[in-house]
1. Quick one: which residues, 5+ away or cross-chain, put their amide H under 5 Å from the amide H of G148? H built at 1.01 Å from N.
2. With θ set to phi - 60°, apply the Karplus curve 6.51 cos²θ - 1.76 cosθ + 1.60 along the range 62-79 and write out the HN-Hα couplings as whole Hz, x wherever there is a Gly or Pro.
3. I need the calculated FRET efficiency for the pair D138 and A193, taking r as the beta carbon distance and R₀ as 25 Å, to the nearest 0.05.
4. Of the peptides 202-210, 164-172, how do they stack up when ordered by the mean number of other Cβ atoms within 10 Å, highest first?
5. For the residue pair A146 and D180, what label-to-label distance in nm results when each label sits 7 Å from Cα along the Cα-to-beta-carbon direction?
6. If amide hydrogens are placed 1.01 Å from N in the peptide plane, which non-local residues have theirs closer than 5 Å to the one on M171?
7. Can you order the peptides 64-70, 191-197 by their average number of other Cβ atoms within 10 Å per residue, highest first?
8. Give me, ordered by chain and number, the residues 5 or more places off L56 or on other chains with an amide H under 5 Å from its own placed amide H.
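Just so it is clear, none of the values below were taken in a lab; they were calculated from the coordinates. Nothing here was measured: the structure is a model prediction, and the numbers come from that model. Note that we place each Cβ from the backbone using ideal geometry, even for glycine, and neighbour counts take in every protein chain shown.
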Amino acid sequence: MLRLRDPRRARQVLAHPRVLSLRLYAWAVLVLLAEFLPAGAWGEVPTGPAAREGELVTFSRPDLGFSVRYPTGWDVWVQGPSAWEARSLGWRISFVGRAVQPLTMEPFRPVLFVERFPRMGMLLEQYAAAHQEVARRDQAAHRAVAAGPVQGRGGERYLLEETYEFNGVPMRKQSLLVLDGDAVYHVTAVAPAAAWEEDRRRFEMSLASFALLPR
């Protein structure tokens, strides 16, 4: 079990809110696409053998600098370059689960996704605080549950857990931020709050498995 400290202790914000709000907008677009697009709509299944380990499968992309384990049977979507996030480094890998009813009138599929962004000269704790500040401003009923540094397989790491509402439905997410030189990987797990406990253990195993690879 990861032990995180009270998020109110990390509040120094150095990033311009407009820059970070683009990321939240990009995430909202992903949620909508996960609702309405069919499985594999962005195609490109990873090449090479997958190392199956019980409930999880290993996804490895040395060209993108990381590997991660995700739940067996989930769809893999490879997006890029991003059309809506000017500061993105051009890709997003999404691992999309089963449909969960109901979220408004359409099913919502729990998702784990990986992105990489410039850290804009900030320390990782400052970057995390800026990310939360924008979420508090832009997401309905946002509440920070926990935040703090964690240990992992390479790179300084910071874990956030938050709740909010999307289209009136309570949601929950965990975001692992991993420092990599002048950039930060975002590894984010999100699901409706009512279904969170069903996937929590696999989400936490996936986030803990994230590893930096030499490029």
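1. Here R5, L159 satisfy the definition.
2. These are the phi-based 3J(HN,Hα) values: x, 5, 9, x, 7, 9, 7, 9, 9, x, 4, x, 6, 6, 10, 10, 10, 10 Hz.
3. Efficiency computed from Cβ-Cβ geometry: 0.85.
4. 202-210, 164-172
5. My value for the distance between the label points is 2.5 nm.
6. Under 5 Å from the amide H of M171 lie the amide H atoms of Y164, E165, F166, A193, each far enough along the sequence or on another chain.
7. In descending order of packing, they fall as 64-70, 191-197.
8. T72
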